[in-house]
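A.B. asks: This is the structure I have questions about; it appears just below.
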Amino acid sequence: MKVLFIEDDRMNRRVVKDMLDVAGAMMIEAESAEVGLKLLDATDVDLLLVDLRMPGMDGITAIQHIRARGDAKARLPVIVVTADTAPDLRERCLAAGADDVLFKPVAMEALFEAMGRLLAGDGGDGVIS
């Protein structure tokens with residue numbers, strides 16, 4: 001399994017990569033939404049993890065770009081990974097096209113549960129902390 005993680009913080013990427021290594025998944029790293037969108041054009045992945053607060057393009061805008069694609073990648077599962085606790089966060093993420101939301105610090109069990117559910121086609125529209 002290949003996961004694209006769009007996250008500006010190197011340490012957060014490393015922590016999630018270590019978790020994905022446990023599951024035998026390959027993680028492709030993007031330090032910005034702009035780089036992530038280019039990598040998505042050039043690489044086949046099974047799932048996207050997207051941070052919300054990044055310099056330049058934010059995660060909500062990146063998800064909107066992904067969902068507006070005219071190909072199968074527009075339907076890839078997207079999990080938001082964020083430290084943001086705004087009251088309307090869940091609604092904004094789902095409205096942008098995210099399938100699920102995980103809060104930092106991400107628990108490995110929560111990450112694996114969300115990934116498994118979405119990859120199995122059981123849907124999202126939930127929030128996992």
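Just so you know, all these numbers are worked out from the coordinates, no wet-lab data involved. Just so we're clear, the structure is a prediction, and the values are computed from it rather than from any experiment. Cβ: placed from backbone, ideal geometry, glycine included. Neighbour counts: every protein chain shown.
A.B. asks: Starting from the exponent 0.38 and prefactor 2.2 Å, build the expected Rg for the chain from its residue count and divide its actual Cα Rg by it.
C.D. replies: Against the empirical 2.2 N^0.38 Å value, I get 0.93 for the chain.
A.B. asks: Quote the FRET efficiency, to the nearest 0.05, computed for ASP41 versus GLU91 with a Förster distance R0 of 25 Å and r equal to the Cβ-Cβ distance.
C.D. replies: Numbers: r = 29 Å, r/R0 = 1.15.
Here the calculated transfer efficiency is 0.30.
A.B. asks: Given contacts defined as C-alpha pairs under 8 Å and at least six residues apart, what's the relative contact order of the chain, whole-number percent?
C.D. replies: Values: 219 pairs, mean separation 26.6, N = 129.
Reported as a whole number, the value is 21 percent.
A.B. asks: Could I ask something else about it? Could you please report the charge total around LYS104, scoring K, R as +1 and D, E as -1 over all other residues with beta-carbon less than 11 angstrom from its beta-carbon?
C.D. replies: It works out to a net charge of -3.
A.B. asks: In the neighborhood of ARG53, defined by Cβ-to-Cβ distances under 13 Å, what is the net charge if each Lys or Arg adds +1 and each Asp or Glu adds -1?
C.D. replies: On the way: positive: ARG92, LYS104; negative: GLU7, ASP8, ASP9, ASP51, ASP58, ASP84.
Once all neighbours under 13 Å are counted, the net charge is -4.
A.B. asks: Sticking with this structure for a sec: Calculate for the chain the 222 nm mean residue ellipticity that helices alone would give, adding -39,500 (n - 2.57) per DSSP H run of length 4 or more and normalising by residue count, nearest 500 deg cm²/dmol.
C.D. replies: Per the formula, -12000 deg cm²/dmol.
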